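Structure first, then comments.
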Amino acid sequence: MIGELTKPLHSLNWDDTPAVEAATSKVLTTLADDGDLLRRLVHQVLQDEHLSRLSEHYDILDKLVLHDDPAGWRLRLHVFLPGYYDRPHNHRWTYSSRILRGSYQHTLYGLDDVLNEGMNVAALQPYMVRTEQAGDSYTLHHRMIHTAVAEPHTVTLIVRGPALKDRFLVSDRETGRAWWQYGATKESQDEAEQKRMSLTQINQVISDLAARDII
């Protein structure tokens, strides 16, 4: 369905942030502008058992996986639920994002050289604070530490690159704790099942997206 559009992503160096931005911006802009194509991609999650099993629900975030590519990258749609915020963290992958609806405050803390379980979390220094709004897009290297505080029902489209490391660090400024988190291959079956979206939940997300004229 999107094979020709995403062909440039197959040979991409995901450590090269400008190259990732150049390649993914066309994909995200096309999908944001082509409501019919985005609608078909969202609805296929219900019919595709693999995509539905990759999609996840948390108390403050829903993630629909719209495409899982053999080259290791994924196309995801995120819906930020009321109360969404996240802790300073880096990622296992470089990703690009396009905001389709709503906004969030985005804080960048610099590269992850300082990240370790014994770090002084309170000493993290914000180096840029900006508001990402509908129509905005950006690419974030996997080594960048950041946080987001989202307006309820903000919707974003994500091109998530292949994992370039097996873990990332999450830190909590309130408790001062920091801990490693790992990818799905390190999770227990119970952990995976707890966050996996049911078909009922996927249906509800799709209905909400349609009601808000996202699809």
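The values are calculated or read from the model by the stated rules, or taken from the named source; none is laboratory data. Keep in mind it's a predicted model, so treat the numbers as computed, not measured. All Cβ positions, glycine included, derive from the backbone under ideal geometry; neighbour counts span all protein chains shown. These area figures cover heavy atoms from the full protein model, side chains too; ligands, DNA and RNA do not enter into them. Shrake-Rupley method; radii C 1.70, N 1.55, O 1.52, S 1.80 Å.
Here are some notes:
- Selection of region 161-182 for residues being polar (S, T, N, Q) and surrounded by fewer than 14 Cβ atoms within 10 Å (Cβ to Cβ) yields T175, Q181.
- Among the residues of region 36-72, those identified as part of a helix (DSSP H, G or I) and open to solvent by 30 Å² or more (accessible area, probe 1.4 Å) are D36, R39, R40, H43, Q44, L46, Q47, E49, H50, R53, L54.
- Qualifying residues in region 9-28 (those that are open to solvent by 70 Å² or more (accessible area, probe 1.4 Å) and of a type outside the set (G, A, S)) - the one modelled with the lowest pLDDT: H10
- Qualifying residues in region 109-118 (those that are open to solvent by 30 Å² or more (accessible area, probe 1.4 Å) and of a type outside the set (D, E, K, R)) - the one farthest from D172 (Cα to Cα): L111
- Residue list for region 195-207, restricted to those being in a helix (DSSP H, G or I), touching a strand residue (DSSP E or B) at 6+ places or on another chain (Cβ under 7 Å) and open to solvent by 50 Å² or more (accessible area, probe 1.4 Å): Q201
- Residue match in region 58-72 (condition: out of contact with any Lys or Arg (no Cβ under 9 Å at 6 or more places or on another chain), of a type in the set (V, I, T) and closer than 27 Å to V129 by Cα): yes
- Any hit, region 109-127, residues being in a strand (DSSP E or B), at pLDDT 95 or above and more than 20 Å from L64 (Cβ to Cβ): no
- Region 73-87, residues that are among the small types (G, A, S) and either modelled with pLDDT of 95 or more or within 10 Å of the chain's Cα centre (by Cα) (or both): none
- Residue check for S103: surrounded by 13 or more Cβ atoms within 10 Å (Cβ to Cβ), modelled with pLDDT of 80 or more and of a type outside the set (V, I, T): yes
- Checking each residue in region 119-160 for being within 20 Å of L38 (Cβ to Cβ), open to solvent by 30 Å² or more (accessible area, probe 1.4 Å) and more than 13 Å from the chain's Cα centre (by Cα) picks out Q133, A134, G135, D136, H153.
- Test for Q133: is it closer than 24 Å to R53 by Cβ, free of Cβ contacts under 8 Å to residues at least 40 places away in the same chain and of a type in the set (S, T, N, Q): no
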